[in-house]
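J.: First, the structure itself, so that you have it in front of you.
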Amino acid sequence: VVADLQGTKRGKLRLGVVTTAKYFVPRLLGSFCQQHPDVDIALHVSNHQKLVQRMLNNQDDFYILSHPPEDIDLVTTPFLENPLVVVASRDHPLAEEETIPIKKLRGEAFIMREPGSGTRRAVQQVFDRHKVQVNVRMELGSNEAIKQSVIGGLGISVLSLHCLRPDYQQGELVILPVKAFPIPCRWYVVHRSGKQLSVLTEAFLEHLLFESQSLWVETGG
Ligand code: PGA
């Protein structure tokens, strides 16, 4: 990677992000590439477990995920909140309630992410802690498909707040005010300790950390 006299960068940026981060990372890549038009990008999107495997295989320059594994020696930088909220269709019986004790979710038809998903693990931990068992009606490996299934009335689910637009704004989807939610997750930029970051990677990380400060999501109050 070489920097030319104007300070623009060349080369290839390889990054792996979890499925929840694909809602904002491409935009930040877009603004970065406007400043550095000679940069090529390989963006890999998958769930937590698959990303950790890529990290172990040293397949990318860096990663964005919410729960950095503690058994790998990593450099981690937190940079953006990723709250997980309970969502339902607007006609769901719970949609009118002002506060919902978590125990009220017992037996509710629920749409769950696939094994290996970090979202799934965070949700399961909260349900286990409160001894709540939902009725998992469907398992799905896609936040988008979960959202459409919730809107279609197949059940409730838990999704990253960042996944909800535009359906939430259009009123098709509601956030249920369930106690113990939102689950307060956050994203981290992560790479293996000792990995030498390229000038290009350093430049993108600076861009990411700066630009993400102004990213805003509607919390629903
Ligand atoms: P995932 O994302 O559910 O796609 O694994 C989890 C995360 O935000 O780290």
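J.: How high is the relative contact order of the chain, given as a whole-number percent (alpha carbon pairs under 8 Å, six or more residues apart)? Numbers along the way, then the final one.
T.: Values: 383 pairs, mean separation 67.3, N = 221.
Relative contact order, the chain: 30 percent.
J.: Pull out the extension gain between residue 70 and residue 90, defined as 0.36 nm times the separation in residues minus the alpha carbon to alpha carbon distance; nm, one decimal.
T.: Details: separation 20, 0.36 × 20 = 7.20 nm, distance 3.88 nm.
Gain on extension, residue 70 to residue 90, equals 3.3 nm.
J.: Sorted from fewest to most neighbouring beta carbons within 10 Å, what does the list 44, 162 look like? If you can, show how the numbers build up before the last one.
T.: Working: 44 14, 162 20.
Going from least to most buried by this count: 44, 162.
J.: Evaluate the charge dipole of region 82-184 about its Cα centre and quote only its size in Debye, nearest 20, assuming +1 on the Cβ of each Lys and Arg and -1 on the Cβ of each Asp and Glu. Display every interim value, and only then the final one.
T.: Details: 13 positive and 11 negative charges, 88 e Å.
The dipole magnitude comes to about 420 debye.
J.: Could you tell me which of rounded, prolate or oblate describes region 82-184, using a ≥ b ≥ c as the square roots of the eigenvalues of the alpha-carbon gyration tensor, with rounded for a/c under 1.5 and, failing that, prolate when a/b is larger than b/c and oblate otherwise? If you can, show how the numbers build up before the last one.
T.: Working: a/c = 1.36, a/b = 1.10, b/c = 1.23.
Rounded, since a/c falls under 1.5.
J.: With charges set only on the Cβ (+1 for Lys and Arg, -1 for Asp and Glu), what does the dipole of the chain come to about its Cα centre, in debye to the nearest 20?
T.: Working: 24 positive and 24 negative charges, 104 e Å.
So the magnitude is around 500 debye.
J.: Compute the angle between helix 199-211 and the longest alpha-carbon principal axis of the chain, please, reported from 0 to 90 degrees and rounded to the nearest 10.
T.: Computed tilt is about 40 degrees.
J.: Of 117, 209, 15, which is farthest towards the positive pole of the chain's charge dipole, taken about the Cα centre with +1 and -1 on the beta-carbons of Lys, Arg and Asp, Glu respectively?
T.: Checked the options; the winner is 117.
J.: Each residue of region 130-140 in turn: what ³J(HN,Hα) in whole Hz from Karplus with 6.51, -1.76, 1.60 and θ = phi - 60°, glycine and Pro shown as x?
T.: These are the phi-based 3J(HN,Hα) values: 9, 6, 10, 10, 8, 9, 6, 8, 7, 10, 9 Hz.
J.: Using r as the Cβ-Cβ distance of residue 58 and residue 199, and R0 as 25 Å, what FRET efficiency do you calculate, to the nearest 0.05? Before the final figure, lay out the partial values.
T.: Working: r = 19 Å, r/R0 = 0.75.
For R0 = 25 Å, the calculated efficiency reads 0.85.
Where a number appears in this text, it was derived from the coordinates with a stated rule and is not lab data. On a predicted model such as this, the values are computed, not experimentally measured, just so you know. Cβ: placed from backbone, ideal geometry, glycine included. Neighbour counts: every protein chain shown.
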